[in-house]
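Everything on this sheet refers to the single structure shown next.
The values are calculated or read from the model by the stated rules, or taken from the named source; none is laboratory data. Since the model is a prediction, treat every value here as computed from it, not as a measurement. With ideal geometry, Cβ positions are generated from the backbone for all residues, glycine too; neighbour counts draw on all protein chains shown.
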Amino acid sequence: MKNKGRISYPKIAAFLFLFLMAIIWIVPLLWGGVTSFKSEMEFMTGGFKFLPAEWVMTNYTSLLFNNASTPLIKWFTNSMVISVSHTLLVLVVVSFSAFAYSRLQFKGKNQLFAFLMATMMFPSVVNLIPLYKIVDTFGWVNSPLAMIVPGASGVMNIFLVKQFMDNIPKEFDEAARIDGAGEMTIFLRVILPVIKPILLVVSLFAFTGSWNDFLWPSIVFNDIDKMPITPGLQLLQGMYQAQPTLLMAGALVAIVPTFLLYLFAQKYFLESMSLSSGVKG
């Protein structure tokens, strides 16, 4: 009762800081969004006005339908195919790998997992040249496989799912074995339903990472029609450097899938922050 009327200054400071950071992140996004609905003439001569005097769709129609040299719809489709396929492959590889490290017993398991975690110490950029040589050897240059397969066994994702599995009581496994279940049945019917929250978070990480990747697709793609949308936006910048409204329209189209995915998955993301949230005692 004594603390009921007391002002919590740390909480107020934290709230003000987060509010300021939200403004810093949101205002440029909103400005870019409304700018994409301005005409080029208004943007160049209208001074600084947040909202457009006249809302127009010409920027979107020009990008989506009237320009064969910048096939935005094709880029968007390529990115969707690549990101969805990569995410599905990540879920398969990561879930099975985490199950092996968490539930199975084999020689050298702890040492192998420690070595796997140690690889996180190296920056990913050091892998670009050997990874390109491997992709080129398989004939995957200018192919979606160059982005779908590499990175499927992300160490951080394996770590997250393994930690989640470690909080599931092993009595569940033993009860299933008594009923005659094998390891695959235990994984599919006992473990998999419980780890859905963390797998959704891994899906979010995998999809957004693949969708927003710029450096790697810029290296392995030189065919404009096969490019994903992120390096394609760089071409837009080169072609429409003097037309910011068109660039804003392209950028807004590019962020729509990740924005919608976050809105869908944020509940599961918060739920997975407690690694034992999927286990009811």
**Request:** Tell me which of these residue 24 doesn't satisfy, since it passes every other one: (1) at pLDDT 80 or above; (2) surrounded by 10 or more Cβ atoms within 10 Å (Cβ to Cβ).
**Result:** (2)
**Prompt:** Restricted to the range 103-118, and to residues that are in a helix (DSSP H, G or I) and touching a residue at least 12 places away in the same chain (Cβ under 8 Å), which residue is surrounded by the fewest Cβ atoms within 10 Å (Cβ to Cβ)?
**Reply:** 117
**Residue, farthest from residue 95 (Cα to Cα), within the range 133-159, restricted to residues that are in contact with a helix residue (DSSP H, G or I) (Cβ under 6 Å, 6 or more places away or on another chain) and assigned to a helix (DSSP H, G or I)** = 135
**Request:** Being touching a residue at least 40 places away in the same chain (Cβ under 8 Å) and on the phi > 0 side of the Ramachandran plot is the filter here, so list the residues in the range 120-171 that pass it.
**Result:** 142, 151
**Asked** Would you pick out the residues in the range 57-96 that are assigned to a loop (DSSP other than H, G, I, E, B) and surrounded by fewer than 17 Cβ atoms within 10 Å (Cβ to Cβ)?
**Response** 57, 66, 67, 68, 69
**Request:** For the range 209-223, enumerate the residues that are polar (S, T, N, Q) and either in contact with a Pro (Cβ under 9 Å, 6 or more places away or on another chain) or not in a helix (DSSP H, G or I) (or both).
**Result:** 210, 218, 222
